[in-house]
Amino acid sequence: MNDTHLIPLPRLQAAMHLVVRGFGSSADEVAAVAGNLIEANLTGHDSHGIGMLPRYADAFLQGGLQPNAAVSTELDAGALLRLNGNRGFGQVIGAQAMALGIERAKALGTCVVALGNSHHLGRIGAWAEQAAAAGLVSMHFVNVISRGIVAPFGGADARFGTNPFCAGVPLTGRPPVILDFATSMIAQGKTRVAMNKGELVDDGCLIDDHGRPTREPRFTVVPPFGALLTFGGHKGFGLAMMCELLGGALAAGMTQRDADASQRRVLNGMFSVLVDPAALADRAGFEGEALAFIDWVRASPPREGFDGVLIAGEPERAHRARRTVEGVPVDATTWQEILDAATKLGVDAAAVQATALGG
Ligand SMILES: NC(=O)c1ccc[n+]([C@@H]2O[C@H](COP(=O)([O-])OP(=O)(O)OC[C@H]3O[C@@H](n4cnc5c(N)ncnc54)[C@H](O)[C@@H]3O)[C@@H](O)[C@H]2O)c1
């Protein structure tokens with residue numbers, strides 16, 4: 001274990017703005033990238049928060065991440081949009097892609113957005129939240145172009161990424177239901193965070209470089225590499241395959257198969273389907289039924305060892321409420337990596353440190 005800094009939100013925001021400026025980003029991009037990463041920390045997903053900045057810095061310095069890029073449209077066929085992210089910050093590209101899809105789904109009732117060549121899209125739930133805020137149902141199948149890190153069910157080595165799946169359902173007057181997870185047992189970033197904290201991961205998440213079960217997070221972080229396992233055995237594997245076939249082969253025109261492992265950039269392909277529930281069904285009827293079902297499920301008595309039933313999206317909102325007030329915990333190793341990244345980007349690390357931690 002090592003020390004953890006508890007950084008007040010305004011200080012963390014100011015400090016991360018300093019770091020992201022090191023990419024040469026416009027003021028809007030700085031706000032989008034820092035804001036999205038901090039939001040991942042606030043919602044409890046440290047794996048996709050500010051701890052990604054060192055990786056982004058390496059990717060940028062290798063030329064694999066292009067600051068100030070924007071989405072370009074490769075195909076506009078009404079309810080079908082094919083977009084190129086031009087290797088821009090996923091925090092910007094994802095928002096732009098969703099804005100285009102939302103506009104189209106509002107007009108036509110639905111839109112399929114095929115996004116390729118985006119740099120890391122971060123927490124995919126952010127894109128379902130954007131759609132839900134516009135009143136749209138959405139689902140997102142995402143592949144990852146990076147070093148392979150997850151083994152297929154029955155296989156002994158890594159063949160694809162942590163391919164997240166996400167779906168969101170808006171509910172008038174209530175927060176949306178946002179289901180958002182990696183198809184691996186745990187997100188890759190969580191093994192990095194565990195290694196940085198000196199912790200072991202749970203049983204059943206990892207295999208070592210010989211395909212044997214292990215709890216050592218290092219087997220997905222430093223060589224020799226093992227692999228993460230998919231959640232739910234063959235079922236999670238099947239969903240991961242769909243993320244690769246839809247987010248990768250169909251949306252991005254590129255699967256993880258031939259990814260160059262020496263590259264630090266992380267590209268995502270995303271196949272998103274947006275639907276306006278009011279165009280498909282009676283909105284009040286749909287929402288009434290959905291809310292009644294949620295209440296019915298939530299009324300299940302707590303099982304031993306549980307506090308009761310949670311609905312997807314609730315853990316993130318609880319984290320956000322708490323961390324917004326208490327501050328964001330950042331372990332000392334991750335913090336030092338961020339300071340080192342700042343230095344690589346030509347940013348005064350001492351100023352970042354002072355802004356975040358005072359003194
Ligand atoms: N961009 C990428 O390449 C990439 C790759 C993998 C993962 N990710 C992101 O990583 C993040 C973390 O993924 P993860 O797999 O660690 O998430 P996770 O295992 O924490 O699961 C999160 C999901 O489960 C729900 N949930 C959590 N506890 C629950 C409970 N007790 N009852 C009911 N629902 C519950 C949450 O609301 C959320 O929808 C996600 O935001 C994902 O999009 C991104």
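The values are calculated or read from the model by the stated rules, or taken from the named source; none is laboratory data. All figures in this text were calculated on a predicted structure; none of them were measured in a lab. Methodologically, a virtual Cβ is constructed for each residue, glycine included, from the backbone with ideal geometry; neighbour enumeration extends over all protein chains shown. Side chains included, ligands, DNA and RNA excluded: accessible areas come from the protein's heavy atoms. Shrake-Rupley method; radii C 1.70, N 1.55, O 1.52, S 1.80 Å.
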Restricting to region 58-92, what's the tally of residues that are open to solvent by less than 60 Å² (accessible area, probe 1.4 Å) and assigned to a strand (DSSP E or B)?
4
Selection count, region 305-320, where residues are closer than 16 Å to Asn36 by Cα and more than 9 Å from the ligand (Cβ to nearest atom)
2
Condition first: of a type in the set (Ser, Thr, Tyr) and without any contact (Cβ under 8 Å) to a residue 40 or more places away in the chain. Now tell me which residues in region 171-208 satisfy that.
Thr191
Yes or no: Asn36 in a helix (DSSP H, G or I), in contact with a Phe, Trp or Tyr (Cβ under 9 Å, 6 or more places away or on another chain) and polar (S, T, N, Q)?
yes
Answer from Ala95, Ala107 - the residue that is open to solvent by 10 Å² or more (accessible area, probe 1.4 Å) and under 22 Å from Ser25 (Cα atoms):
Ala95
Residues that are within 11 Å of the ligand (Cβ to nearest atom), part of a loop (DSSP other than H, G, I, E, B) and either under 18 Å from Met139 (Cβ atoms) or open to solvent by less than 30 Å² (accessible area, probe 1.4 Å) (or both), drawn from region 156-204:
Gly161, Thr162, Asn163, Pro164, Ala182, Thr183, Ala187
Residue in region 32-51 that is farthest from the ligand (Cβ to nearest atom), counting only those that are under 20 Å from Asn117 (Cβ atoms) and open to solvent by 20 Å² or more (accessible area, probe 1.4 Å):
Ala32
Given the conditions (1) more than 13 Å from the ligand (Cβ to nearest atom); (2) at pLDDT 95 or above; (3) open to solvent by less than 50 Å² (accessible area, probe 1.4 Å), which single one is not true for Gly248?
(1)
Mind checking whether some residue in region 321-340 is under 19 Å from the mean Cα position of the chain (by Cα), surrounded by 20 or more Cβ atoms within 10 Å (Cβ to Cβ) and among the aromatic types (Phe, Trp, Tyr)?
no
Extreme residue, surrounded by the fewest Cβ atoms within 10 Å (Cβ to Cβ), among residues of region 126-141 that are assigned to a helix (DSSP H, G or I) and touching a strand residue (DSSP E or B) at 6+ places or on another chain (Cβ under 8 Å):
Ala133
Criterion first (outside any strand (DSSP E or B), basic (Lys, Arg) and open to solvent by less than 30 Å² (accessible area, probe 1.4 Å)) does Arg123 satisfy it?
yes
Restricting region 206-231 to residues that are surrounded by fewer than 21 Cβ atoms within 10 Å (Cβ to Cβ) and within 16 Å of the ligand (Cβ to nearest atom), the one modelled with the lowest pLDDT turns out to be Val221
The correct count of residues that are in a strand (DSSP E or B) and hydrophobic (A, V, I, L, M, F, W, C) in region 264-287 is 6
Any residue at all in region 78-87 that is under 22 Å from Leu37 (Cβ atoms) and within 15 Å of the ligand (Cβ to nearest atom)?
yes
